[in-house]
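Following: one structure in structure tokens, then a few remarks.
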Amino acid sequence: MNSQSDEARSAGRRRAKVSKGDLREQALLDAAEEMLRRSSVAGLTMEAVAKQAGITRSAAYFYFASKEEVVCAVIERATRHIYTGLEASGDAVDTTSLKRAVDVQVDNWRRHGHIFRVGVELSVRAEYRQVWVSLMEHGIDLACRAVAHDRARGLVGGDPAQDRARLEALAWMGERTCYLLFTRDHTEAEEEELRDTLTTFAHRGLGYRATD
């Protein structure tokens, strides 16, 4: 019995071990993300990203076929932080799940705004647009779950059939207003004002019952 337990633990450690390839891929993403803090996508090259990551240019192409693929992967990785927060918003008890979702959006723009800025600006280009739209759509799906959770708590009136359409409009409005704030110098007070404004619009637009 002890032998079987030891084997199971050993197998678990082997599964948990990060491969050299995974580490290289993460190094490339880290390098690209850091470079995007101080330069544009136009100034990014696979050679520069590989050098920053400490690997050869030819090795970098084993993981990503182009700089466009690297940039998309960086954007997707940053967006996963929002997904994680949105998934947890359904646990809210001291506030609405929708308010928690707005907080997640604003907080992540503060932390990863230089990446989301790139996503917004590149979304007008065909090779990036579908990636950005798909990421936004998944975020809207999670926001719908947050509203459904609040409905189950009796916090929301209005027509549930309208939730998706209204959340889509609110999500794209939030994307644009966050972009406008976090791409310029601003104060913490302005961030809080944006947070309150988006929450108020979201609550009223979805028919929440006196939550403001």
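One table, with the values for the structure above:
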| read-out | value |
| --- | --- |
| Filter result for Ala73 (closer than 25 Å to Glu47 by Cβ, without any contact (Cβ under 8 Å) to a residue 12 or more places away in the chain and of a type in the set (Gly, Ala, Ser)) | no |
| Odd one out for Asp163 among (1) of a type outside the set (A, V, I, L, M); (2) at pLDDT 95 or above; (3) surrounded by fewer than 16 Cβ atoms within 10 Å (Cβ to Cβ) | (3) |
| Tabulated pairs, the stretch 187-212, first in the same structural domain as Asp159 (by TED's automatic domain parsing) and on the phi < 0 side of the Ramachandran plot, second among the charged types (D, E, K, R) and in a loop (DSSP other than H, G, I, E, B), C-beta under 7 angstrom, 6+ apart or interchain | Thr200/Asp212; His203/Asp212 |
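Matching residues to (1) closer than 19 Å to Asp150 by Cβ; (2) in a helix (DSSP H, G or I); (3) out of contact with any Leu (no Cβ under 7 Å at 6 or more places or on another chain):
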position	(1), (2), (3)
Arg166	yes, yes, no
Ala169	yes, yes, yes
Met173	no, yes, yes
Thr199	yes, yes, yes
Ala210	yes, no, yes
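The values are calculated or read from the model by the stated rules, or taken from the named source; none is laboratory data. Treat the numbers as computed from the prediction; the structure is a model and nothing was measured. Here Cβ is always computed from backbone atoms with ideal geometry, including for glycine, and neighbour counts include all displayed protein chains.
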